[in-house]
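The following block contains the structure, expressed as structure tokens.
Readers should treat all values here as calculations from the given coordinates under stated rules, not as data from a laboratory. Since the model is a prediction, treat every value here as computed from it, not as a measurement. Note: ideal-geometry Cβ built from the backbone for every residue, glycine included; neighbour counts use all protein chains shown.
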Amino acid sequence: MDFEYSSKVQDLIVRVRNFIEKNIEPNDALFHKQISKNRWQTPPIMQELKAKAKTEGLWNLFLPISHGEHGAGLTNLEYSPLAEEMGKVGWASEVFNCAAPDTGNMEVLTQYGSEEQKKQWLEPLLAGEIRSAFAMTEPDVASSDATNIETSIVRDGDEYVINGRKFYTSGACRESCEIMIVMGKTDPENVNRYLQQSQILVPTKTPGVTIVRPMTVLGYDDAPEGHAEVLFENVRVPAGNLIMGEGHGFEIAQGRLGPGRIHHCMRSVGAAQRALEMMCKRANTRIVFGKPLIANQSVREDIAKSACQIEQIRLMTLKAAQKMDTAGNKEAKDLISMIKIVAPNMALDVIDRAIQIHGAVGLSQDTPLAQMFAWQRALRLADGPDQVHMMQLGRNLAKEYGE
């Protein structure tokens, strides 16, 4: 495997890293201060930096080469180090228009959307003019099994009528969220459980759509993004809002989640790398019992173990990305499951050590470590719980070697 990057990618890595160091990190406190004034409004500093990133050509970097002229024309492998850089600051991805759930929604519309859907929703998303949400998880059923989804999507003449309740619909709390992709059932009686579901575009301000409340993640509301509980009561949208046609919901979900999972893992590596760097700086400067923390053997071991873990998962993520590029997402599914299992757990280990070395301040709002830890813990559930990935991976491996 050759992980040597082209001059184009090396240049992008430097440019993204420099942009984050010069424009995003120094404005972190301002970003959170502006959010505190209006929890669900995109802060002005975000709008300012998005315009700057767009002007500098650091925009839609996530879109794979197969999606045409909208992105930077990168492969998954080439995008990996850029996502790692973005993962070092929680809100950096959005500055480059590379933040979930918009990334997955844009990929869905690019790959599966009609020309009308692309014009109405994809174009403003690509331009960063609006935000979006993906409504799949439901509170009343085990949503890790997508065939359990109960939200109904019923055809009525030239419209579909939607009824159901979702929660942890990331992005739906934000005032600029104008469109949701909603997964529900159009054919609940189909004997093939994987053909019961469909996905449909629902404008957030449609009558019958109620944003009930923001759900927290280990106490964080993740404003201005938020994770909403959403109620759909006799919501009517045009039949043309259905994506691909009835029965394709599960297929679209699988196509959406492959790239999304690897993007999360890339950012997990970045978060862990930042925690390691913070750990090293703290150990070199903090004096305890008359000597720097770094003089203690246990601290040195924590740093060494963390560096080893990060490099292992970085290489594993790059291998999965390369397999996606060369053989396709379906052939790379086992590797994608592997990194989805190990990357957040690795990041949790590293961030936990960084918190320990920082002491009480590591638990506070004065460093990003506590929120980083909360988000990595959430990733053990997002886009499929560890147990589901292990169940499927174990089944696939047993079948392969059993033969």
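If I stretch the segment between Ser144 and Lys118 completely, what's the gain in nm (0.36 nm per residue apart, minus their alpha carbon distance), one decimal?
Details: separation 26, 0.36 × 26 = 9.36 nm, distance 2.86 nm.
Length difference between fully extended and current span is 6.5 nm.
Turning to a different aspect of this structure: Per the helix-only calculation at 222 nm, which mean residue ellipticity applies to the chain, given -39500 (n - 2.57) for every DSSP H run of n ≥ 4 and division by its residues, nearest 500 deg cm²/dmol?
My calculation for the chain gives -15500 deg cm²/dmol from helical runs alone.
What size of dipole, in debye to the nearest 20, comes out for the range 132-243 about its Cα centre when the only charges are +1 on Lys and Arg C-beta atoms and -1 on Asp and Glu C-beta atoms?
The dipole magnitude comes to about 60 debye.
Let me ask something else about it. On a 0 to 90 degree scale, rounded to 10, what angle separates helix 7-19 from the longest Cα axis of the chain?
80
In addition: Dividing the Cα radius of gyration by the Kirkwood radius, what Rg/Rh value follows for the range 81-204? Each step should come with its number before you reach the end.
Numbers: Rg = 15.6 Å, Rh = 15.7 Å.
On the Cα set of the range 81-204, Rg over Rh gives 1.00.
While we're on this one: What does the charge dipole of the range 245-308 about its Cα centre add up to, to the nearest 20 debye, if the Cβ of each Lys and Arg holds +1 and the Cβ of each Asp and Glu holds -1?
Values: 10 positive and 5 negative charges, 97 e Å.
Using Cβ point charges on Lys, Arg, Asp and Glu, the range 245-308 gives about 460 debye.
Also, I was wondering about something else. With r defined as the distance between the Cβ atoms of Lys305 and Thr210 and R0 fixed at 45 Å, what FRET efficiency is calculated, to the nearest 0.05?
Here the calculated transfer efficiency is 0.40.
Highest GNM mean-square fluctuation, the chain, Cα pairs closer than 10 Å: which of Pro238, Pro344, Pro214?
Pro238
Helix 44-55 versus the longest principal axis of the chain: what is the Cα-based angle in degrees, 0 to 90, to the nearest 10?
Approximately 90 degrees, to the nearest 10.
Is the range 132-243 rounded, prolate or oblate when judged by the Cα gyration tensor, a ≥ b ≥ c being the square roots of its eigenvalues, rounded requiring a/c under 1.5 and prolate requiring a/b larger than b/c? Don't skip to the end; give the middle numbers.
Numbers: a/c = 2.32, a/b = 1.37, b/c = 1.70.
Here the range 132-243 falls in the oblate category.
Over 16 Å apart: what share of the alpha carbon pairs of the range 286-329 falls there, rounded to a whole percent?
58
Could you state the per residue volume, in Å³, of the convex hull enclosing the Cα atoms of the range 318-403?
109
What is the sum of charges around Leu109, taking Lys and Arg as +1, Asp and Glu as -1, for the other residues whose C-beta is under 12 Å from the C-beta of Leu109?
Overall, the nearby charge balance is -2.
Placing unit charges on C-beta atoms (Lys and Arg positive, Asp and Glu negative, everything else neutral), compute the dipole magnitude of the chain about its Cα centre in debye, rounded to 20. Numbers along the way, then the final one.
Working: 44 positive and 51 negative charges, 261 e Å.
Dipole of the chain, to the nearest 20 debye: 1260 debye.
If you line up the Cα atoms of the chain on their principal axes, what length do they span on each, largest first, in Å?
77, 60, 43
When a footprinting reagent is the concern and you count Cβ atoms within 10 Å, what order do Val154, Val230 take, fewest first?
Working: Val154 14, Val230 24.
Fewest-to-most Cβ neighbours within 10 Å comes out as Val154, Val230.
Order 92-102, 118-128, 273-283 from most to least packed using the mean count of other Cβ atoms within 10 Å.
Ranked by mean Cβ neighbours within 10 Å, highest first: 92-102, 273-283, 118-128.
If you take the square roots of the eigenvalues of the alpha-carbon gyration tensor of the range 250-402 and sort them as a ≥ b ≥ c, do you get rounded (a/c under 1.5), prolate (a/b over b/c) or oblate?
Verdict is prolate for the range 250-402.
Right, next: Pairing the Cα long axis of helix 386-402 with the longest principal axis of the chain, what angle in degrees results, from 0 to 90 and rounded to the nearest 10?
It is inclined by approximately 80 degrees.
Divide, for the range 28-131, the radius of gyration over alpha carbons by 2.2 N^0.38 Å, where N is the residue count.
So the Cα radius of gyration is 1.10 times the expected 2.2 N^0.38 Å.
Please build a GNM for the chain, connecting alpha carbons under 10 Å apart, and tell me which residue among Thr55, Thr367, Thr204 fluctuates the most.
Sorting by GNM fluctuation, first place goes to Thr55.
Another question, if that's okay. How many percent of DSSP beta bridges within the chain run antiparallel, rounded to 5?
80
Extension gain Glu159-Glu4, at 0.36 nm per residue separation less the Cα-Cα distance, in nm?
50.7 nm
Counting alpha carbon pairs within less than 8 Å and at least 6 residues apart, what relative contact order, in whole percent, applies to the chain?
Reported relative contact order: 14 percent.
Could I ask something else about it? Hey, if you put +1 on the Cβ of every Lys and Arg and -1 on every Asp and Glu Cβ in the chain, which of His227, Val182, Met136 ends up farthest toward the positive end of that dipole?
His227
Here's something else I'd like to know. Which residue, Glu115, Glu229, Glu175, tops the fluctuation ranking in a GNM of the chain built on C-alpha contacts under 10 Å?
Glu115
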